[in-house]
Each structure stands twice: as C-alpha cells, then as structure tokens.
Amino acid sequence: MSSKGLGQHYEWQIVDKVMETPDTYTFSFSPNSQSQRFTFNVGQSVTIRAFLRRPLASGKFEESFVERAYSIASSPTRDLIELTIKDEKPYGYINPSTGKADGFAAYFLEQTKIGDKIDVRLNRAKNHFLWKIAAGLEKNIAYWSGANGIESARCLIQYLQDSKNSDIGLTLYYSNPTLHVINQRDDRPLLNVIYYNWLIEMAKKIDTFKIIFTFTRDSEILTSDHPRIMFRKGRFFEGPNRTQEKTLSKYYGKINNIDSIFNPICGSSGFINGMVRLPNGRIERRKGIMQDLMDIEGVRPEKIDREQYFLEVVGVR
Ligand SMILES: Cc1cc2nc3c(=O)[nH]c(=O)nc-3n(C[C@H](O)[C@H](O)[C@H](O)COP(=O)(O)OP(=O)(O)OC[C@H]3O[C@@H](n4cnc5c(N)ncnc54)[C@H](O)[C@@H]3O)c2cc1C
C-alpha cells in the first residue's frame, strides 16, 4: 500500500473479465497480499487508474495515466472486488477543444487483460451512497437505476444473499432503452441490460427482493411468470398515452407511510434530476426520477439518496 496523492493506493490484480452486454464488462480483482486489502461498505466506490493509449486528432496516439470512479459491484462479504465498467463514450471520440481522446472505458476495456495490476483507491466519504442502508438506518428500499447505475444494487443484493438479512426489503426499478441490441456483424440480438439473467435468478431466490424492469424504446411488454419480477414499458411515472403514473406506489406493494421508504437513485444526471448538456454546450434542466418522486408521490428529499455517474450529453449518438 502507498499513499501518493489523496487516499491510500492499493494494487489489485485482474483475475477475471466477463462480458455483460456488448459495451459492458465485469472485472474481478484480487489483492496480491493481505496488506492490499481494505474493508468497505455497501454503496462505496473506488477510483481506478490505468496507463492507456488513446488517439489524437492528428491520427497519432498518446499514452498517459487516466482515472475514473466505479461503484463496487460485489458485496463486502466476498473475497474479490468486482467492478462493472460500461463504455459510455465511443472509442476514438476526440474532444473538439483539446484535439485528444478523453474517454477511459473504451480504452480500459480494450487494453487491460487478466493478470494486469491496477491502481485502486477507496473513496472514503463518510456519507457515501447507501450509507444509511449500510448503517442499518433504512430498511425499506426502492432503488431506481438507469441503464448504467445498477452496480451498487448488485453489491446490496449479494450482501442480502450472503448475510441472509431478511430485515432489508429491496424493490428495484430498473430502466433501460431496450432489452436487446442487434449485433452489427450477424444481426443477432444480444442482451443490452446489465446483469439481466442474474437479477431474474436473484428475484426468484431472495424473498425480500423484487424487480420492475421498464424499457423506454421497446414496444412490446414482456410477461412474467413470477410475482417478484415485473415488466412495463415507457419512462417511470408515465402511464399509457403519457398519463401520469404513481410508479413507486403501483409496484412497491402495500405502503402505509411514504416516509418509511428510502429511495436511492443511481445513473446519469438526466435520469436522476433531468439535467442534460445539449450539443451546443448549454445545460438544460428537464425532469428526473427525483422530481417525479417528490411531485407525484410526495416523497421528502431526506428519503432520497443519489449517485450521479456523469452529466448526460444528449443528441450525440
Ligand atoms: C461515484 C461514481 C461511481 C461510478 N460507478 C460506475 C460504475 O459502476 N460503472 C460504470 O460504468 N460507470 C460508473 N461511473 C462512471 C464512470 O466513472 C465513467 O464515466 C463511465 O465508465 C464512462 O466512461 P467513459 O470513459 O466511456 O466516458 P467518460 O469519459 O467518463 O465520459 C462520460 C461522458 O461522455 C458522454 N458521452 C456519451 N456518449 C457520447 C458521445 N457520443 N460523444 C460525446 N460524449 C458522449 C456522457 O454523456 C458523459 O457525460 C461512476 C461515476 C462516479 C462518479
């Protein structure tokens, strides 16, 4: 362990790399010795740093250290630490003002392999995401996840599975554009939802875990043969013909008091609070899950927790 810059640096080795969707992989990391281990809580994140080769506008390449934050996607009860990394910014994207590629994930996914050692720093904020759950202060959870934002929920579900803690009830509202994407090479449909099959398996196994999938661009609604697995379509809080829907109340089950429910929200700024950056650089404020929970369901701000992964840029793809 060393302590260059803020926080202690640890060196962890990649021992596995599994594809979740075509642009998302889960990496398993192992500390090489006891001194490289750290303890952490559900909801915490790490910053990882890697030496990456990225393109310049000139067509040449440059190598430098780049870092990004990632939620820990595995439970503190497990030996390995797992991170799920989604490539949000396309490979080769050049920032127009610097003339350089400024992404991380596309190059990390391309250039790291099993056996590589990675610099990891635990983000130690006291009031980190989900700290109230980790401290046992909140037990009735409605977790709202965007297409990328499910990682801390995976950590919590693994924790529920390992600890057999039946005091915590988790209802997961998970929004994705589509269930599948079409593989360009052979027109095959590939899963586009991070952890999809595993989540279904866990909802069947863990009595206190329920999941509601929504697909904002698929026109069909899937059917479910299990009471703890539900499907809908369209944005949360929007019913058919753009009517308003009380999504929390409709799918949560019996709610005696809205104040008894704790609502972590995780994903892009657009998903959380409607903040987006337009192609001309202007920031626009729309509506996100946070406003809908407060305006439509009467949830108080103290009952909302959030982890923003990045500022959403619209109209770029
Ligand atoms: C506390 C915390 C925890 C996080 N946990 C996770 C996690 O568990 N898993 C995970 O995958 N990510 C997580 N992130 C986000 C992560 O740090 C990276 O931002 C993410 O992996 C995307 O990396 P990237 O290199 O592709 O894009 P980045 O260089 O990080 O840039 C992301 C930005 O690119 C924009 N963008 C998207 N498409 C385009 C385009 N076509 N052109 C230009 N810009 C575009 C996005 O809108 C966004 O603003 C977390 C972030 C934080 C702060």
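No value in this document is a laboratory result; all are computed from the given coordinates. Since this is a predicted model, take the numbers as computed values, not measurements. All Cβ positions, even for glycine, are placed from backbone atoms using ideal geometry, and neighbour counts span all protein chains on display.
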- Message: Only Cα pairs within less than 10 Å get springs; with that Gaussian network setup on the chain, which residue of ARG188, ARG300, ARG68 has the largest fluctuation?
- Response: ARG188
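Determine the equivalent ellipsoid of region 246-316 by diagonalising the alpha-carbon gyration tensor, then write out the semi-axes as square roots of 5 times the eigenvalues, largest first, rounded to whole Å. List each step's numbers first, then the result.
On the way: eigenvalues 150, 23, 18 Å².
So the three semi-axes of region 246-316 are 27, 11, 10 Å.
Using just the helices of the chain, give the 222 nm mean residue ellipticity in deg cm²/dmol: DSSP H runs with n ≥ 4 each add -39,500 (n - 2.57), and the total is spread over all residues, rounded to 500. Numbers along the way, then the final one.
Values: 7 runs with 54 residues, N = 317.
Result for the chain: -4500 deg cm²/dmol, rounded to the nearest 500.
Could you please tell me the mean projected area of the C-alpha convex hull for the chain, averaged over all directions and given in square nanometres to one decimal?
Working: hull surface 71.6 nm².
One quarter of the hull surface, i.e. the mean projection, equals 17.9 nm².
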- Message: Whole percent per 5 Å bin, from 0 to the bin with the longest distance: what is P(r) over all C-alpha pairs of region 131-313?
- Response: 1, 7, 16, 20, 21, 17, 10, 5, 2, 1, 0
- Message: If the reach is capped at under 24 angstrom between alpha carbons, list the lysines near LYS139, excluding any in the same chain fewer than eight residues apart.
- Response: LYS126, LYS164, LYS204, LYS205, LYS210, LYS246, LYS250, LYS254, LYS303
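Distances over 18 Å make up what percent of all Cα-Cα pairs in region 77-227? Write out the running numbers ahead of the final one.
Values: 7808 of 11325 pairs.
Looking at region 77-227, the distances longer than 18 Å represent 69 percent of pairs.
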- Note on the structure: Among TRP144, TRP131, TRP198, the residue with the largest mean-square fluctuation in a Gaussian network model of the chain built from Cα contacts under 10 Å is TRP198
- Task: Report the convex hull volume per residue for region 9-122, counting only C-alpha atoms, in Å³.
- Result: 105 Å³
- Sequence-distant lysines (8 or more away, or on other chains) whose Cα lies within less than 17 Å of LYS100: LYS60, LYS89
- When only C-alpha pairs under 8 Å and at least 6 residues apart count, what is the relative contact order of the chain, in percent? 15 percent
- In whole angstrom, how far apart do the alpha carbon centroids of region 140-210 and region 91-129 sit? 24 Å
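In a shell of Cβ-Cβ distance under 10 Å around LEU170, excluding LEU170 itself, what net charge do Lys and Arg (+1) and Asp and Glu (-1) give? Before the final figure, lay out the partial values.
Details: positive: LYS139, LYS210; negative: none.
Charge balance in the 10 Å sphere: +2.
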- Query: Using a Gaussian network model of the chain with C-alpha springs under 10 Å, which one of SER249, SER268, SER152 is most mobile by mean-square fluctuation?
  - Reply: SER249
